[in-house]
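As C-alpha cells, the structure follows; a few thoughts come after it.
No value in this document is a laboratory result; all are computed from the given coordinates. Quick caveat: nothing in here was measured; it's all calculated off a predicted structure. Cβ atoms come from the backbone with ideal geometry, glycine included; neighbour counts cover every protein chain shown.
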Amino acid sequence: MTSNSKSTAFISCRGTHGVQVFDGSLFQPVEGFKHESSKTCRLAVWSMDGKYLAWANGVMVNVVETSTWSLLAQFEKPKTSGLQFSPKGNYLMTWEPYQVTKDIPVNTPNLNIWNLKTKQSVKSYVQKNHSKWEPSWSKDEKLLARNLNLELQVYEVDKMDSINQRSESTMKIADFSMSPLCAPYFFLCYVQGTKGQPSFAKLFKYPSLNASGLIASKSFFQGDRVDMKWNKPGNCVLLMTSTDVDSTGASYYGKQTLHFLDVKGTSAMVQLSKDGPIYSVEWNPKGNEFCVIYGFMPAKATLFDLKCEPKFDFGTGPRNSGFFNPLGNMLLLGGFGNLQGKIEIWDVESFKLITPMDAPDTTHLQWSPDGQHFMTSTTAPRLRVSNGFKIWHYSGGLLFEHNIEPPNELWEAMWQPVPDSDLKEFKISNKKVLGIKPSQPQVSKELYRPPGARGTSAILKFLEEREPPSNPRAAKPIGVAPNKTKPNVRHERKMKKAAAAEKAKELPSENLPGVEITVNSSVHLELTGDETVDKKLRDLKKKLDQIAQLKAQQSAGKKLELNQLDKMKKENDFLKEFMELSLKKK
C-alpha cells in the first residue's frame, strides 16, 4: 500500500464503546484523543472546517480542538439531543427535548447558542419540535434565521436581542432555506396551499422578505412537504415536492416532482424521462450540474446542467443514492437499504465508468475529504450484526476495515471535514489500487422481494434488465443545422400503430412445428378480495401472459409487428404495477 493510497483526515466513531477517533492515513486510533468511554453518547459532530469535535455523553457536552485534541469547552447539558456548529465554528448550538415539570416551568428555553470563546450563551429560545430544530446561518455568520409559528425571523448575529427582519404576517411559511453565501443573501420560502389552492415556493432577496424582494416564484399542487438543496456557490436551488399518496393511483409510493430556481429569477420544472419515485438529488460541488436518481426499479440516473437539460444518462440499475466526491470529478452511484449494495464510480468529466463493485450491508457512505477514498459503514439500529466501517479507494480496493465485536454496536462513523482551501486536485487513474480481503462474510445475500413476488423469478429478472448509459448531446450531429419544421411525432406514432394493428395476427403455437411455446408468464395470481384491485390484477396477468407468448414466438423466429414489440417494451411497467397491487392483499 503506497502513501498516496491513504487519506489524511480523521474519522470519528460513536457507539456502545463511546467515542473514538482514527487517523485516516495510518488507520490507527489517535493517541492524542482521550477515548470517551461513556456508553450513552447520543451525538458527535465535527465543525464545518474540521477544527473542532463535539459530543454529548449524557452528562456533559464536550468540545475539543483537533490540532492538539485539548478540551476547549464543556457545557452541563445532560439531556442534549441536538448539536450543531456555526459555519465558522465560533458558535455551538445545543438542543434538549422540550418539557414542563415541577422544576422546569412553561416556556423554559431548550435551545442554546454558545459562544465558544467566552463559553457563554448568547441566545436561547424555545424550540419544541426536534424536526428541523437547527437555526440557519449565513456563511459569514452575520445572519441567523429561524421559523417560529409559520413566520420567518432573521437576526443579525451581533444584535441577537431583537429580530432584524421578519416575513409578512399574511404569508404562512411552512419551511425555508437560506442560500449558503455571504451577502447578498437569499431565502427560499415554502408556503403550503390550503384545500383546493396551490402551494408556492418564493425566492426572496434579503432584507426584503415581501413582494418588493421577490426574485422568483413557483406554484404547484400535490406538495405535502418539500426538500430544498442549494448548490455550493449559492446561486441555484432545487426544490423537491413530495406527497404521501399519489391521487392518480399511478404509484404506491406517493409522488415527487423536482423544480429549479436561481437568483436571476429563472424557474423551471426538471423533466424526468422515467415514471416513479425520486430517490436522490445531489449537486456537484462545482455547482454547475446535478444528478437525479429516479424511476421504478431499476432506477435511472441522469446528470443535468443548469438549464435542466440532460448532460449524460447513466442508464438504469439497482441504485437509490448518489454521491459526488468533494472535488466534483467523480460520482458514486449506489443501491442500499433493500438493495444489494451495488456501487458504480464514474468519471463525470469523461463520462466513463471507473469501476463497479459491491459493498453489501452498507447503511452509510461518505467520501473522504481528499476525494480519492470513501467509507462505508454498517451501523445499528439499522443492522445489528457485522457492525463496523471500511475504507475504499475509488478504484475498488479495500484498504482498511474496523470491525465492532458483539455485543458492542457502532452507531455512527464520520469523516472530519476540511476547508475548501485544503482540497487538492488529482488526476483520475485507471490503475487499480490493491487492497485486502474483507474478514467478515456478507450478511445479506438475497435480493429483497415484496411479499407478492416471493417464490417467483419475476423481480430478480426485472431488476437485472438495464438500459445502457447514453449521451443525449453526443447523439446530435455536430455542424448540422436543425430542422425548423417539427414533425408531428404523436400523429406519426398513431398512424404506425393503426397500420400495425391491421396487420397484426397472433401466431398460435401449432403454427411452429417442433417448437414448444410457453404461454403463461412466471407471475402467480393471488386475488385480494377487492373487486377493483382483482380486476386490474387479472388484466395485468393477461397482458403478462401475452408478452410471455410473444417472447416465445420471437425466440422461435417469428417476426413481430410494431404493436407487439411496443407491448413487450411495457413488460417492466406491467410487472411493477402487478407487484404493487399484490401488496394490497387483505
Leaving out same-chain residues fewer than 8 places away, which aspartates and glutamates sit with a Cα under 13 Å from that of Lys77?
-> Glu96
What does the charge count near Glu96 come to, summing +1 for each Lys or Arg and -1 for each Asp or Glu among other residues with Cβ under 13 Å from its Cβ?
-> +3
For segment 99-174, just say rounded, prolate or oblate: build the C-alpha gyration tensor, square-root its eigenvalues into a ≥ b ≥ c, call rounded for a/c under 1.5, and beyond that prolate if a/b exceeds b/c, oblate if not.
-> oblate
Extended-chain gain in nm, criterion 0.36 nm per residue less alpha-carbon gap, Leu353 and Ser217 = 45.1 nm
Extension gain from Ser439 to Lys142, taking 0.36 nm per residue of separation minus the Cα-Cα distance = 102.0 nm
Counting Lys and Arg as +1 and Asp and Glu as -1, what is the net charge of the other residues whose Cβ lies under 11 Å from the Cβ of Leu540?
-> +1
When a/c is below 1.5 the answer is rounded, else prolate if a/b is larger than b/c, else oblate, so apply that to segment 313-370 with a ≥ b ≥ c taken from the square roots of the Cα gyration tensor eigenvalues.
-> oblate
What does the charge add up to near Glu409, with Lys and Arg as +1, Asp and Glu as -1, over the other residues with Cβ less than 13 Å from its Cβ?
-> +2
Expected sort for His524, His17 with the fewest Cβ neighbours (10 Å cutoff) up front is His524, His17
Furthest towards positive pole of dipole, Phe260, Gln197, Pro277, structure part segment 142-278, Cβ charges | Phe260
Too long at a 25 Å Cα-Cα cut-off: which of Lys139/Lys342; Lys39/Lys390; Lys541/Lys569; Lys172/Lys229?
-> Lys139/Lys342
So, in nm, how far is label Glu76 from label Lys570 when the simple model puts each one 7 Å beyond its Cα toward the Cβ?
-> 7.1 nm
